[in-house]
Amino acid sequence: MSPPISLWMDRLDPPLRPRPALQGCLEVDVAIIGAGYTGLWTAYYLKCQAPELRIAVVEAEYAGFGASGRNGGWLMGGLLGDERLLAGLPAEQRRAAFDLLHGIPDEVASVLLREDIACDYRKGGVLYCAARYPEQERRLRAWLDSLHGQGLSEADYRWLPPDELGQQLRINNPLGAIHSPHCATIQPARLVRGLAQTVERLGVQLFEQSRVSHWQPGLLRTAQGELRADWVVPAVEGYAAELPLLRRYQLPVQSLLLATEPLSSSQWDAIGLERGQAFSEFSRQVTYGQRSADDRLVFGARGGYRFAGKLRQDFNLNAEEIGLRRYLFGELFPQLRNTRISHGWGGNLGMARRFQPHMLLDRANRIALAGGYGGEGVGASNLGGRTLAELILGRSSQLTAQPWVLGERPLSALKAWEPEPCRWLGYNAIVRSFVHEDRILANPHSPAWRRALAGKLADFMEGLMR
Ligand SMILES: Cc1cc2nc3c(=O)[nH]c(=O)nc-3n(C[C@H](O)[C@H](O)[C@H](O)COP(=O)(O)OP(=O)(O)OC[C@H]3O[C@@H](n4cnc5c(N)ncnc54)[C@H](O)[C@@H]3O)c2cc1C
C-alpha cells in the first residue's frame, strides 16, 4: 500500500486494510457515493431511524481517504458563514439555530459514547488569538461585537485579555483572544474509520476500492459493479470536480498541515493547551492547530487552488510549503522553530460558490446532497448527515427548517462557479491580497498608510466572496 495520507491515518491501530470492492449488480434503497463523514453520518442516521432501509456506501479508495481522514481535527459547533446565513432571522429563531449549531460537538460525543468509537474527543473549546500584529486584535474585537449583536452571549464568545489567554495558551506577543466553548478536537481518522465500522455493524454495506465512474438518478456504476437505488447521495465534497453533474458547484481547494514529533511535557508546560483546546491565529487566511492526544503540535495554514479545479493527488509537501507553515507557527511558538516535523500532508476540500454549506433534496430525481463546508466540515457533516436523513425520510423538523437547507429543489438551485479562467483569476487575486496584507502587517516597520491600504484592499477582496 502507498504511504499514509496523514498523521492520523499513520496512527491507526490496527492499521488500515481496505474492504472488498462492489462486484456485480445490487439493488438498494439508498446508494451513497463516498465514505467520508458526510456519507457515513447520512448512512448512520438513516439506519438508526429506519433500520429496514437497504443502504450501500461506495468508496473510490477507503473510508477516510478524503478530507475526513486528513483534516485538522477541529470539530466545530458552527458552519462556514453561519452568521451571514442567520442574520435575517427573527431573534428567537436565530438563537435556536445557533443553539442547534453549538450542540453539534455534544451530539457527536453522544454517538461516540453510544457506539463505542474512540477518537480522542476532547471538548476544550477554541481560542481565536490576536498575536502577530495589532490589526488582529481590532478585527477580533469587531467580530466579537458582531457576534454579540446577533444575540450570542459571553457564555458563547468571550474576550480573554492576554493574562487570561496565558492561562490556556502561551503564545508569543499575545494581544488577546476570543474564547468559545463550542468546539472539540478529535483524531479525524479514528472518527471516520470508527463510523465506517459502526454503520457496517448496523447493516450498511460498505464497498471500498470502488470508484463510481458513472452516475445518474437511480443508478451508479463502478469498474466491476452496478448499484440500482431509489435514492442517490453523492457525498464527495472536494472530489465533486471529478464527478459529472456536480463539478460546477464545488471548487476544490487544497489545504496543508504539519505535525511535530511528540513534544516533551516541559515543552507543553511552556505552551499550554492542557484540555485539547483548538487554537487559531486571526489572520485572514486560516491558520490553526491543536495539541494531539499524543502531544504533537498539529498546525495548518492557508490553501491553494489549481487551474480548472484540478485535484491535487500528491501531498508530499515541498520545502517551500513546509517552510511557510514552519515560519507561521514559529511566529507563535519561537521555541519550536527547530523542532522536528514528523508529518506533512494535505487534502482537497470543497468550497461552494456562496461560501456557505448547503443541504438539498431533489425529489424529482431522488438525489440528496450536503456539502460546501469549506474548511469547516468536521462538525457540519454531522449536521449534514442528520439533515439528509430527515429529508430522505420525508420528515420536517428543526433540522430541515434552517436557511442552509435548500429543501426540495433541483441540483441547479445551487449557484454554479464561473467558468475558467475567471475562477482561477478570482481565487488568486483574493488570496494575493490576503498574503500581501499579512506581509505588510507582520512587518512592524510598515508605515500606517501602507497598513491601512493593504487592509482596505483585503477588505474589498473579501467582500467579493460574499
Ligand atoms: C487538510 C484539511 C484540513 C481540514 N481541517 C478541518 C478542520 O480542522 N475542521 C473542520 O471542520 N474541517 C476541516 N476540513 C474540512 C473537512 O475535513 C471536510 O469538510 C470533511 O471531511 C468533508 O467530509 P466529506 O465526507 O463531505 O468529504 P470527504 O471526506 O472528502 O469524502 C469524500 C469521499 O468521496 C470519495 N470519492 C470521491 N470520488 C469518488 C467516486 N467517483 N466514487 C466513489 N467515491 C468517491 C473520496 O475518496 C472520499 O473518501 C479540512 C480539510 C482538509 C483537506
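When only residues in the stretch 22-42 that are open to solvent by less than 30 Å² (accessible area, probe 1.4 Å) and away from the ligand (no atom under 11 Å from the Cβ) count, which is farthest from Leu383 (Cα to Cα)? The qualifying residue farthest from Leu383 (Cα to Cα) is Val28.
Scan the stretch 336-394 for residues that are within 24 Å of Glu242 (Cβ to Cβ) and of a type in the set (S, T, N, Q) and jot them down. Within the stretch 336-394, Asn348, Gln356, Asn365, Ser381 meet the criteria. Residues of the stretch 243-254 that are within 12 Å of the ligand (Cβ to nearest atom), in contact with a helix residue (DSSP H, G or I) (Cβ under 8 Å, 6 or more places away or on another chain) and either open to solvent by less than 30 Å² (accessible area, probe 1.4 Å) or part of a strand (DSSP E or B) (or both): Leu246, Gln250, Pro252, Val253. In the stretch 167-186, what residues are open to solvent by 10 Å² or more (accessible area, probe 1.4 Å) and either free of Cβ contacts under 8 Å to residues at least 24 places away in the same chain or part of a loop (DSSP other than H, G, I, E, B) (or both)? Scanning the stretch 167-186 gives Gln167, Gln168, Arg170, Ile171, Asn172, Asn173, Pro174, Leu175, Pro181, His182. The criterion of being away from the ligand (no atom under 16 Å from the Cβ) and either more than 19 Å from Ser397 (Cα to Cα) or touching a helix residue (DSSP H, G or I) at 6+ places or on another chain (Cβ under 8 Å) (or both) does not hold for Ala56. Checking each residue in the stretch 199-214 for being open to solvent by 30 Å² or more (accessible area, probe 1.4 Å) and assigned to a loop (DSSP other than H, G, I, E, B) picks out Leu202, Gly203, Gln209, Arg211, Ser213. Within the stretch 95-130, the only residue that satisfies the criterion of being open to solvent by 50 Å² or more (accessible area, probe 1.4 Å), under 11 Å from Met76 (Cα atoms) and touching a helix residue (DSSP H, G or I) at 6+ places or on another chain (Cβ under 6 Å) is Lys123.
Could you list all residues from the stretch 102-119 that are of a type in the set (A, V, I, L, M) and either at positive phi or free of Cβ contacts under 8 Å to residues at least 24 places away in the same chain (or both)?
Answer for the stretch 102-119, where residues must be of a type in the set (A, V, I, L, M) and either at positive phi or free of Cβ contacts under 8 Å to residues at least 24 places away in the same chain (or both): just Leu113.
Out of all the residues in the stretch 263-275, which are part of a loop (DSSP other than H, G, I, E, B) and open to solvent by 70 Å² or more (accessible area, probe 1.4 Å)? The answer is Glu274, Arg275. Right, Glu164: touching a His at 6+ places or on another chain (Cβ under 9 Å), more than 16 Å from Gly289 (Cα to Cα) and either open to solvent by 10 Å² or more (accessible area, probe 1.4 Å) or not assigned by TED's automatic domain parsing to the domain that holds Gly377 (or both) or not? Yes, satisfied.
The values are calculated or read from the model by the stated rules, or taken from the named source; none is laboratory data. From a predicted model like this one, the values you see are computed outputs, not experimental measurements. Glycine gets a Cβ as well: all are built from the backbone with ideal geometry, and neighbour counts include every protein chain shown. Accessible surface is based on the protein model in full, side chains and every heavy atom, while ligands, DNA and RNA are left aside. Shrake-Rupley method; radii C 1.70, N 1.55, O 1.52, S 1.80 Å.
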